[in-house]
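Here is the structure we will look at, set down as C-alpha cells.
The values are calculated or read from the model by the stated rules, or taken from the named source; none is laboratory data. The model shown is predicted, which means the values in this text are computed figures rather than measured ones. Every residue, glycine among them, receives a Cβ derived from its backbone with ideal geometry; neighbour counts consider all protein chains shown.
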Amino acid sequence: MTDPTKLAFAHPQKRAVATAVAGVHDRLSLRDHIVSVEIGAFQAERDMTQRLSFDVVVEVSEPEADVQDDVDLILSYDRITWAIEHELTAERLNLLETLAERIADRILNEPQALRVFVRIQKLDKGNGALGVEIMRVPGQGVAADQQALAPVVAFLSNAALRSGNLPGWIDALRAKGAPVVLCLDTPDHGINTGDVAAQRHIDLLSTEQAAWQMRAMAADFTVAGTRTELDWAMKNGQICLWAPSKMVLDATDTPPSAAVDLAHWFAEQWQARKLYVIGKELPKANTIATQIVTLDQTSL
C-alpha cells in the first residue's frame with residue numbers, strides 16, 4: 001500500500017510510477033535544474049533575481065518507428081529545458097503556477113508526450129523551498145502554441161489624435177481585415193520628475209489614461225494591457241487600445257522609452273502584419289513593414 005503523505009512529498013518520478021497510466025513507454029526526467037530569474041508578485045521581488053529549481057517528468061508513448069539512435073525521432077531531453085527557457089524569456093511572470101502551466105502546455109505539444117509532471121520551487125524565499133507542482137495531460141489548460149494573431153498596429157501621435165482625419169484613419173484600419181491595435185503617444189501635458197524610474201511609470205500610466213479617455217468616446221474600442229486581454233479582444237473583432245504598463249514592466253528585455261519606438265517594439269512582439277505611424281517619424285531601425293502617414297494624408 002502506498003503512503004499518500006510520503007507520495008505527496010516524493011519526487012514527481014515516484015508519483016508518476018505510483019499513478020501509472022496505460023500506453024506509457026518511457027519516462028524522461030529532469031532533476032534539480034536551477035535557473036536564476038526575476039519572478040514574483042511583490043514589489044520587493046522586482047529588479048532582482050532568485051533561484052528556481054525545476055523537476056520535470058514526461059511520460060511518452062512508444063515511437064512509431066525504430067529510432068535507430070536518431071535523436072530526431074524521439075522527444076529529447078533538450079526539449080524539456082528549451083520549454084523552460086522559452087517560457088522564462090517570453091515575459092516576466094508573477095506566479096509559479098502560471099509558469100508551471102505554460103511549461104506543461106509547451107511540453108504537451110510534443111506528439112509523443114502523454115503526461116507531464118512539473119515541480120518548481122523558489123530556493124531563496126524564506127527558510128526552505130517554496131513551490132508548486134502540477135500534473136497535466138493533453139487537452140488540459142491552454143496549448144502553448146496556439147495560432148498567434150497577426151494584428152495591424154497603428155501609432156497615433158498626439159497631433160493625430162487631434163486631427164480631423166482621425167475617424168477616416170480608424171475606418172481605413174477597420175477595412176484592413178485584420179485585428180487592429182492602437183498605440184498612443186505620451187500625452188503632451190505629462191509630469192516631468194527628473195527621476196528615470198519614476199518618469200517611466202508616470203509616462204506609461206499617462207498613456208493608459210489617454211487610452212481610457214479615447215475608450216470613453218468609442219464604445220466598440222477596448223483597453224487591453226495583458227496578452228490574454230489583447231488576444232481575446234482581437235479574436236472578438238474589437239479595436240484594442242494598448243495599455244502598455246504591464247507588458248513593458250514585465251518584459252525580459254528593455255523596451256524603448258520613446259512612445260513611437262515602443263509601438264514598434266509592440267509590433268515586433270506580436271509579429272504585426274504592418275505598422276502605421278501617423279503624425280510622427282519612426283527614428284529607430286525598422287524590422288516591421290511600416291507606413292509613415294502624414295497628418296494631411298486622408299487614407300492609409
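To keep it simple, each residue is scored yes or no on (1) farther than 30 Å from Ile80 by Cβ; (2) outside the structural domain of Phe117 (by TED's automatic domain parsing); (3) in contact (Cβ under 8 Å) with a residue 24 or more places away in the chain; (4) among the hydroxyl-bearing types (Ser, Thr, Tyr).
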| position | (1), (2), (3), (4) |
| --- | --- |
| Val132 | no, no, yes, no |
| Ala160 | yes, yes, yes, no |
| Gly164 | yes, yes, no, no |
| Ala172 | yes, yes, yes, no |
| His189 | yes, yes, no, no |
| Asp195 | yes, yes, no, no |
| Arg200 | yes, yes, yes, no |
| Leu205 | yes, yes, yes, no |
| Gln213 | yes, yes, no, no |
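Here's a check for you: in the stretch 147-168, which residue that is in contact with a helix residue (DSSP H, G or I) (Cβ under 8 Å, 6 or more places away or on another chain) and under 30 Å from Asn109 (Cα atoms) is surrounded by the most Cβ atoms within 10 Å (Cβ to Cβ)? Across the stretch 147-168, the extreme among qualifying residues is Val153. Would you call Ser206 out of contact with any helix residue (DSSP H, G or I) (no Cβ under 8 Å at 6 or more places or on another chain), among the hydroxyl-bearing types (Ser, Thr, Tyr) and surrounded by 13 or more Cβ atoms within 10 Å (Cβ to Cβ)? Yes, satisfied. For the stretch 246-275, filtered to residues that are under 18 Å from the mean Cα position of the chain (by Cα) and polar (S, T, N, Q), the residue that is modelled with the lowest pLDDT is Thr252. Test of understanding: among Asp188, Asp171, which residue is surrounded by fewer than 18 Cβ atoms within 10 Å (Cβ to Cβ), closer than 17 Å to Ala211 by Cα and among the acidic types (Asp, Glu)? When all the criteria are applied, what remains is Asp188. Gly40 satisfies every condition listed in (1) at pLDDT below 70; (2) in a loop (DSSP other than H, G, I, E, B) except (1).
Per-residue answers, yes or no, for (1) more than 20 Å from the chain's Cα centre (by Cα); (2) under 16 Å from Ser157 (Cα atoms):
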{"site": "Val223", "(1), (2)": "no, no"}
{"site": "Thr226", "(1), (2)": "no, no"}
{"site": "Met234", "(1), (2)": "no, no"}
{"site": "Gly237", "(1), (2)": "yes, no"}
{"site": "Val277", "(1), (2)": "yes, yes"}
{"site": "Glu281", "(1), (2)": "yes, yes"}
{"site": "Ile288", "(1), (2)": "no, no"}
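All conditions in (1) surrounded by fewer than 21 Cβ atoms within 10 Å (Cβ to Cβ); (2) over 27 Å from Ala41 (Cα atoms) hold for Gly279, with the sole exception of (1). Would you call Asp171 part of a helix (DSSP H, G or I), acidic (Asp, Glu) and either at pLDDT below 90 or within 26 Å of Ala289 (Cβ to Cβ) (or both)? Considered against the rule, which asks whether it is part of a helix (DSSP H, G or I), acidic (Asp, Glu) and either at pLDDT below 90 or within 26 Å of Ala289 (Cβ to Cβ) (or both), Asp171 comes out as yes. Within the stretch 101-130, the set of residues being assigned to a loop (DSSP other than H, G, I, E, B) and not aliphatic (A, V, I, L, M) comprises Asn109, Glu110, Pro111, Gln112, Asp124, Lys125, Gly126, Asn127, Gly128. Residues that are in a loop (DSSP other than H, G, I, E, B) and modelled with pLDDT of 80 or more do not occur anywhere in the stretch 10-33.
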